[in-house]
Structure formats: structure tokens, C-alpha cells
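What follows is calculated from the coordinates using simple rules that are stated; it is not laboratory data. From a predicted model like this one, the values you see are computed outputs, not experimental measurements. Cβ sites come from the backbone with ideal geometry, for glycine too, and all protein chains shown count toward neighbours.
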Amino acid sequence: MTGTPLSGICGLLVFVGAVAFVLHVVLRSVLSAGVDPAVSAQAGLWVPVNALGALGAALVLLGLPAVYARMAPQGGLFGVAGFALIAVAWMFFGLFLSLYGALVAPWLAEQAPRLVTASAPTPLGFVVAFTLGLLAWLLGAVLLAVPFVRGPARARWVGYVLPASALWVLVGSFIISPGGPASNLAVNLLSNLGPVLLLIGLGYLGFRTWAERAATKHVGWGAGG
């Protein structure tokens, strides 16, 4: 399967989006470490950092369908279902939460800071959305891991890092830093490792799709004299 120019572009979009979102996670962890959310949401870099996260998440979502189409013969039905569930989960954890951070959190921090302080109760709707999103992430990661672990799809390590990313969201949210941003930067970064692990796997698939398409194009040029 040689792919199309579009698959190469989409692969690059996924890779660039993954890098952008990981950078967003690191910068957001720095801004929020040891600072009450009502204060960090009003920092000068808060909106640009979360806008970077929203852009990165959107690029990943935009490029994923073509990246999966590239490996569809090896992924089978498990892969299709896994990619779809991960995309749904990423709409919440990647795109929605970043847009919330950029557009809503600063306004709340100014107008109603008691709603965004670390001690504020979590709205029931958010708890439900978080739970459903995490279940979609975990189930999707397990389904998508099947073709990688069993061997038809490359590389096998992707099949382990994807489920680990969902499990790490649980660890980070309920064990490492259950009360919100940690005071220690290293702990804060560690608690936010779940999305980073996911994007390491997806970013690799995007980069490989782009690289394989580029290699195919160069071979085609050489064959044409």
C-alpha cells in the first residue's frame, strides 16, 4: 500500500499536533505547579498555552482518520473500534479541556474564583464526562493495542504504551495528585503523563505515515528518471 499525498500530510499533522500538545502539557504543568487554579488561570501565558493545546489536539483529531486508513489492513475491526473510541475520548481530554482552559477558566477565575479554586466541588456533569471519556480511552487503547501486540501492526511497543496512557490518567488523577495541581513541579509533570504517553504512540504512527509516504514519493521520482 503506497498511500496518497493526503495520508502523508495527515501523518505530519498528527505528529506536529502531538508535539504541540506535549509542549502544552509541560508548560501548563509549570504554570499550575503550587498555584491555586484561580490564580494560574489569570497568568499571562495561561491562554496562549491552552490555545496551543487546543490547536495540537485539533491537529491530532484531523489527521487520525488518514493515519489509521494507512494501517487498516493490519488493524482490522479491533483497530477501527479502538481508533474511534480514542478519537471520542480525545475530543474531551484534548480538545474540550484545552478550550475550557483557554476560554472559560480565565473568565471564571475573574468573575467567580470560588468555582475554580482547588477546594471547589467538582460539577457532576464534569465527573460523568470524565468517567465516560476515560472508559472510551481505556477500551479504545486496549482494542487498538491488539493488532500491535499480536504482531500484524508495527511497532509492538505502541500496543503497550496506549493502554498505559489511560491507566496513568487514573494514577495521576486519583493517586499522584488527587487534589489538583501539585506544589512540586516534578510531581505535577508526573501526574500529567497520561496524555503524553498516548501522544507518544499516536505521534509515532503519524510520523511513520509521513516518513513512509515521503520515502515512496522519492522512490517514485527516482524511478521516473
> Given a Förster distance of 35 angstrom, what is the FRET efficiency for Arg150 paired with Ala211, based on the Cβ-Cβ distance and rounded to 0.05?
Replying inline: 0.90
> For Ala120 and Leu23, what is the calculated FRET efficiency with R₀ set at 25 Å and r taken between the beta-carbons, to the nearest 0.05?
Replying inline: 0.35
>> Just want the answer: with Cβ charges of +1 for Lys and Arg and -1 for Asp and Glu, which residue in Trp107, Leu77, Ala118 is farthest toward the dipole's positive end in the chain?
In response: Leu77
> Once the Cα gyration tensor of region 34-77 is diagonalised, what are the square roots of 5 times its eigenvalues, in whole Å and ordered largest first, as equivalent ellipsoid semi-axes?
Replying inline: 37, 11, 5
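Based only on Cα atoms, what Rg/Rh ratio does the chain have, Rh being taken as Kirkwood's radius?
Using only Cα positions, Rg/Rh for the chain is 1.03.
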> What percent do you get for the relative contact order of the chain when only Cα pairs under 8 Å and 6+ apart count?
Replying inline: 32 percent
>> Tell me the mean residue ellipticity at 222 nm calculated for the chain from its helices only (DSSP H runs of n ≥ 4, each -39500 (n - 2.57), averaged over every residue, nearest 500).
In response: -25500 deg cm²/dmol
> Between Tyr160 and Leu190, what is the FRET efficiency for a Förster distance of 25 Å, r being their Cβ-Cβ separation, to the nearest 0.05?
Replying inline: 0.85
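Would you mind working out the magnitude of the charge dipole of the chain relative to its Cα centre, with +1 at each Lys and Arg C-beta and -1 at each Asp and Glu C-beta, to the nearest 20 Debye?
600 debye
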